[in-house]
Every structure is written in structure tokens, then in C-alpha cells.
1. For the chain, set up a GNM with springs between Cα atoms under 10 Å and report which of Tyr362, Tyr321, Tyr265 has the largest fluctuation.
2. Under 17 Å between alpha carbons, and skipping anything fewer than 8 positions from Lys23 in its own chain: which aspartates and glutamates qualify?
3. What is the Cα radius of gyration of the range 274-372 over 2.2 N^0.38 Å, N being its residue count?
4. Picking from Arg338, Arg112, Arg198, which is most flexible by a Gaussian network model of the chain using Cα springs under 10 Å?
5. Leaving out same-chain residues fewer than 8 places away, which aspartates and glutamates sit with a Cα under 20 Å from that of Lys235?
6. Which of the three applies to the chain, rounded, prolate or oblate, going by the alpha-carbon gyration tensor with a ≥ b ≥ c and a/c under 1.5 meaning rounded?
7. Can you work out ³J(HN,Hα) from phi for every residue in the range 176-186, in order, using Karplus 6.51 cos²θ - 1.76 cosθ + 1.60 and θ = phi - 60°, giving whole Hz and x for Gly and Pro?
8. Can you pull the three principal axis extents for the Cα set of the range 118-243, in Å, largest first?
Amino acid sequence: MSENTQIFKGLAGVIVDETAISKVMPETNSLTYRGYAVQDLCEKCSFEEVAYLLVDGELPDANQLKAFTDKEKSKRELSPELLQALRLLPQTAHPMDSLRTGVSILGCEDPRIWDSSPETNLDKYLSLLAKIPCIIAASYRNKIGAAFIPADSGLGFSENFFHMCFGKVPAPEVIKAFDVSLILYAEHSFNASTFAARVITSTTSDIYSAVVGGIGALKGPLHGGANEQVMHMLKEVGEAETAEQWMLDALAQKKKVMGFGHRVYRSGDSRVPTMKKYAIKMAEFTGSKNWMEISEILENVMVKEKNIYPNLDFPAGPAYYMMGFEIEMFTPIFVMSRIAGWTAHILEQNADNKLIRPLSAYVGVPQREVNK
Ligand code: COA
């Protein structure tokens, strides 16, 4: 290694490519998808519109949206073989692992797996968008020992997911909060899972392999897995009265507190105020206010003591819990949404591809002979 070799551990601060999909602006704590502020999209659009926008580049008009949602609804059915394969997995399997396996099986079932033309990939995107929620719901139903509930093509994307998990559709307030969470989770530039998907795509591998890789990366608690860890933490804290001391103890023990900090945002995550607003709405709607009370105290102590701010996972975790989801469902729900961002990046990578293959500085033993 030469004296001038500079190592960028974790690729921190390295710009590896251009993108036209989203812009993260840490200096103003803001985020745009295809030029639209994410907060604006949350208040004025459905998740389906954003799922269209990210991949297409423009918001759909009424006809385009209808064609898109009709197609998504028509692709929701899972094959009996896939449903059976999910049933054969151990009941203890985490739904994120079942989902990773399920998407892998979708790849095996697709005769056009090697066709990565933009038109075919768009069709595969709609299929993944439609089927990922069904795989998650099927895994959940298996886990609780309940029968699979088929998709209802009369229901919208978010409504259908609740229907498949719980057999009923909740109040519009819950659907709106869920939809907002999906919009906020849909895309975030070159994060670890998106980069993993782009690396796989850069080898000219297929979309399913890239998505499976993305799921594997997203699962980790330093990335998407944090939304589950946040809820475990809030349950461990238990009550508002002990929250301040809990956080002071955690900081004294130099613990990584889940749901705080971000590689890019250093003074607040652009997505947090909107998600927090909807998490508070969920607290008011359900009457279980303690989670947001505990959250508020943890946030205040963390900001005061360390100047580290919450990230999106911090309000999303309790919001999902209050909507009635088991904790293990939180990161799979993230996938339901991030499939939009991943696909947009897979198409962008394919459109101007160069194999992603960085260098490393060797620090092992010098060359030697095999003596035997
Ligand atoms: N809790 C406690 N301390 C934290 C922290 C957290 N969640 N996040 C960062 N820090 C501290 C680190 O201990 C480190 O302190 P030091 O300089 O005294 O050693 C400093 O802040 C920088 O952190 P570092 O981990 O080097 O930053 P990073 O850019 O590599 O990490 C994350 C970013 C997201 C991986 C990190 O903040 C983290 O692990 N957060 C918790 C997991 C999480 O919520 N992930 C979801 C991200 S959207």
C-alpha cells in the first residue's frame, strides 16, 4: 500500500455514480423524489402514485394510474408451489428470511428471468410490487398458524395488505398513516440495500437476484432492521417515567441506540417530522399514547447529550406496532415499499452500466512459498 493510499471505510463520503431518482440534502434536512419534496408527496399522493413516479420519472395522470394499479392488482396471485414452499419453512423463520426465499422462488418461476430489457423489467417490477405483500402476509399467517387469506383485487395496495394479514381493512386514518410510511420508505439514494442491488445489477444479473441481495442488506439492524429494534427497545424501556434514565444508562455504556443517527443526515432526518406526525395520529387513534411519550423523552435526551437525531425507523417502529403489526413484520413492510426505489435504481444501473468493482489495499502476509 503506497503512503498516499486513502481508504474510505464504509465508502463514507464517496460519490460512486450519478442518479436522477432522489436527492438527499443533509444541509437542509430535505429529500426529493424525482424533484418532488417527499413531504409534499406524503400529503398529496398515494403510495401507488409514488411507486409509479420513482420508476417512471413522472407522476401518473388518472389513466396511467388506473392502468398501473389494475396491472398490480392482476398480479397478486401466488403460485400454489410458492405458497407450499413458504409453508414448509420452519415456523420460527423470521418473515424477512421467508420473504428473501419467496422472492428467490419468484425468480425461479419466471421464464423471462434473463430478459432484462426495460419493458420486461417494468413488468417484473409490477409483479414484485404485487406479490411481495402477499408473500409477507402468507409468512405471517403461517407463523401464527392461520390459513392464508387470498388477495382482494377490489382493494387498494395498503388496504389489501391489512386484509391479507388480519382479514379486515382498518379505518382510513390507519391506511393513510401506513401509506405515508410506505412513501417515506420508498427511496433514499445509494443506501446499503440499494447499492447492493446496483452491485448485483452491474454484473448483468437479473432483477430477482438484485432484490434478494437488497433484502439481505436491508435486514441488518444498522439499516432497515432498525425499525424492529426500535420497538424492542421501547418495550424494554416500558414506561415514560424510566425513559430518561434508560437512555442515560445506554449512553454511559456506549450502546448503539437503535433508530438514532444516520450516515448522511447529521442534524435530523428529513422524513422524521412527517412520520412522527402520523405516529402521533396513530397514538391518538388507538389511545396507546405511552410509546410516543417514551419516544419523545428518549429523543430529547439523545439530542441533548449527544446531538444525535432520530432517523425514520424511530417513529415508524411504534407506528406499525400501534397499527397492530407484530414486530417481525416491520422490516418486511419496508421491503414492500423499497421495491420501488430498488427497481428505479436497477433500471438506472442497466441503462448506463459499468461493472462495480472497487479496489482494496492488501495488508496480509507478504508473498511466500508453500513448503511441504
Ligand atoms: N447510538 C449511539 N451512538 C451513536 C449512534 C446511535 N444510534 N449513531 C451514531 N453514534 C455515535 C457513534 O458511537 C460514533 O461516536 P464516536 O465518534 O464517539 O465513536 C458517532 O456517533 C459516529 O457514528 P458512526 O457509527 O461512526 O456513524 P456511521 O455513519 O457509520 O453510522 C449508523 C450511521 C446509522 C449506522 C449509526 O448511526 C447507527 O448504528 N445507528 C443505529 C442503527 C439505526 O438506527 N440504523 C438505521 C439507519 S436509517
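Just so it is clear, none of the values below were taken in a lab; they were calculated from the coordinates. As the structure is a computational prediction, the values presented were derived from the model and not from experiment. Positions of Cβ are generated from backbone atoms using ideal geometry, with glycine treated the same way; all protein chains shown enter the neighbour counts.
1. Most flexible of the set in this elastic network: Tyr362.
2. By straight Cα distance, Lys23 reaches Asp40, Asp56, Glu58, Glu187, Asp269, Glu348.
3. Values: Rg = 22.6 Å, N = 99, 2.2 N^0.38 = 12.6 Å.
Taking the Cα Rg and dividing by 2.2 N^0.38 Å, one obtains 1.79.
4. Arg112
5. Hits, sequence-local ones excluded: Glu244, Asp249, Glu284, Glu293, Glu296, Glu299, Asp313, Glu326, Glu328.
6. Working: a/c = 1.40, a/b = 1.03, b/c = 1.36.
Verdict is rounded for the chain.
7. 5, 4, 5, 4, 4, 4, 5, 4, 5, 7, 5
8. 53, 38, 29
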